[in-house]
1. Of the conditions (1) open to solvent by 30 Å² or more (accessible area, probe 1.4 Å); (2) touching a helix residue (DSSP H, G or I) at 6+ places or on another chain (Cβ under 7 Å), SER345 fails just one. Which one is it?
2. Looking at the stretch 252-287 only, could you name the residues that are open to solvent by 60 Å² or more (accessible area, probe 1.4 Å) and closer than 18 Å to VAL331 by Cα?
3. Which condition does ALA299 not pass, out of (1) of a type in the set (Gly, Ala, Ser); (2) over 26 Å from GLU100 (Cβ atoms); (3) touching a residue at least 24 places away in the same chain (Cβ under 8 Å), if it passes all the others?
4. Being of a type in the set (A, V, I, L, M, F, W, C) and open to solvent by less than 20 Å² (accessible area, probe 1.4 Å) is the filter; apply it to the stretch 178-194 and report the residue that is farthest from TYR216 (Cα to Cα).
5. Residues of the stretch 71-90 being among the small types (Gly, Ala, Ser), closer than 16 Å to GLY171 by Cα and assigned to a loop (DSSP other than H, G, I, E, B), which ones?
6. Answer yes or no: is there a residue in the stretch 115-125 that is modelled with pLDDT of 95 or more and within 30 Å of PHE236 (Cα to Cα).
7. Which condition does MET214 not pass, out of (1) surrounded by fewer than 13 Cβ atoms within 10 Å (Cβ to Cβ); (2) within 20 Å of ILE84 (Cβ to Cβ); (3) in contact (Cβ under 8 Å) with a residue 60 or more places away in the chain, if it passes all the others?
8. Name, by its number, the condition in (1) under 20 Å from the mean Cα position of the chain (by Cα); (2) open to solvent by less than 90 Å² (accessible area, probe 1.4 Å); (3) of a type in the set (Asp, Glu) that does not hold for GLU239.
Amino acid sequence: MVLVMKLLFLTCLWPTAVLHSSQSQHHHLHHRQQFSFLRKHNSKREIKMRKLDSTKVRPLKSEQLLRIEDHDFALRPGFGGSPIPVGIDVQVESIDSISEVDMDFTMTLYLRHYWKDERLSFRSNKNKSMTFDGRLIKKIWVPDVFFVHSKRSFIHDTTVENVMLRVYPDGNVLFSLRITVSAMCFMDFSRFPLDTQNCSLELESYAYNEDDLMLYWKHGNKSLSTDEHISLSQFFIEEFSASSGLAFYSSTGWYNRLFINFALRRHIFFFVLQSYFPAMLMVMLSWVSFWIDRRAVPARVSLGITTVLTMSTIMTGVSASMPQVSYIKAVDVYLWISFLFVFLSVIEYAAVNYLTTIEERKQLKKRGKASGMYSIDAVQAMAFDGCFHDTDVDMDLTGFSDRCEENETRAGAASSSNVDTPRLKRKRSLKGNVGRIILQNNHVIDTYSRIIFPSVYIVFNFFYWGLYI
């Protein structure tokens, strides 16, 4: 009986238990689905937050290999110990320009730094180096080398920034740049254009003095190399040399300084064609007036003024292309002496003309012809006017002078057909005596000037070129 009652009781409870079990399983399934949805949602939100947070970018593989995040590269290698040696070598690609007016030069070069930073050492089975571009430079320590006395400089960036970093397994570093720099060159123009200019490009650490950084040439004198095809239009590059020294600043101390020295010898041929040769021609052209008759006033005056103005133009052109220095240059000496010769030739004719006029007046007074038309002709004589000549010439050509006077007193009178007029006879007599008349009609100053001026100018050229070349 008891057994029957237990069976009935279990029969009644069975449907209720099954229903409760199914509800419980459905509830757990719903809970799992909801948890899975929230998990996916949170994962997406976390990924999004990671993308927005740029300070938590995963390090690159190269940075992990070099362990950059494990060190403080704001400090130099070996901070607190001995100064770090930084070797330098330079390859000069070209000298782009030399400016005398601005006293500077522009140079393109490859600048390479060598140092050792054990913080960058890494394991390598094949002992191979790793090469990087400029992006890694900002995350490690590099020497702060700058160019002393530079005016402008820039790193080439076509097609990408011309920067290279090479790290070796033992921590040795090579840092290379391609740079164009314009720097001052203190030029001395006292021998211009027969000069040789010595210029230098100076390298120095900006922040680290000799207690922290030792700057030196990596391979001694061989650290400086040049391209074989370097050439300039006005200069011949005589030599390149490397040297080193120390620079002192009162507030920060002593610094290592490296020098790239080069000597530039100027080509003289351009200035010979543009300045020296034209000046020589103008001086020799001014001597032509010594052979022109002293009564040819328009010819000799115009020739003298032309040569003076031409010399002034040459001197102005040379000065315009040079800096305004306070001392005399070699080209100034030559041009000013040449200008002096040209100017003296004009003064020489002024003296000749004045003395000739005084002499003629005295001769006319002695001959009793100090008044009338002859007095005016004597003072304003231009050339052979057909009537008046110096006394010496008149004495040699007495017949010609008589016929001239006869022509003046008998002006307008008719002549016989078988006798030539006095003017025609004068022309005939001049045909064979023009040379002798010109020589005799020259003043004694002209005669001496023909010898003295060329002789002194030749002596001046001899001493000038012997001194400056």
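The values are calculated or read from the model by the stated rules, or taken from the named source; none is laboratory data. Quantities reported herein were computed from a predicted structural model and do not represent experimental measurements. Every residue, glycine among them, receives a Cβ derived from its backbone with ideal geometry; neighbour counts consider all protein chains shown. Note: accessible area is taken over every heavy atom of the protein model, side chains too, but ligands, DNA and RNA are not part of it. Shrake-Rupley method; radii C 1.70, N 1.55, O 1.52, S 1.80 Å.
1. Answer for SER345: the failing condition is (1).
2. First pass over the stretch 252-287, keeping only residues open to solvent by 60 Å² or more (accessible area, probe 1.4 Å): 252, 254, 265, 267, 269-270, 273-274, 277, 281, 284-285.
Selection gives ARG265, HIS267, PHE269, PHE270, LEU273, GLN274, PHE277, LEU281.
3. (3)
4. Of the residues in the stretch 178-194, the ones of a type in the set (A, V, I, L, M, F, W, C) are 179, 181, 183-187, 189, 192, 194.
This time we only want the ones that are open to solvent by less than 20 Å² (accessible area, probe 1.4 Å), so: 179, 181, 183, 185, 187, 189, 192.
On the way: ILE179: 19, VAL181: 20, ALA183: 21, CYS185: 23, MET187: 27, PHE189: 33, PHE192: 35 Å.
Looking at residues that are of a type in the set (A, V, I, L, M, F, W, C) and open to solvent by less than 20 Å² (accessible area, probe 1.4 Å), I get PHE192.
5. Of the stretch 71-90, the ones among the small types (Gly, Ala, Ser) are 74, 78, 80-82, 87.
Those still in the list that are closer than 16 Å to GLY171 by Cα too: 78, 87.
The one that is among the small types (Gly, Ala, Ser), closer than 16 Å to GLY171 by Cα and assigned to a loop (DSSP other than H, G, I, E, B): GLY78.
6. Taking every residue of the stretch 115-125 in turn, none turns out to be modelled with pLDDT of 95 or more and within 30 Å of PHE236 (Cα to Cα).
7. (1)
8. Among (1) under 20 Å from the mean Cα position of the chain (by Cα); (2) open to solvent by less than 90 Å² (accessible area, probe 1.4 Å); (3) of a type in the set (Asp, Glu), the lone unmet condition for GLU239 is (2).
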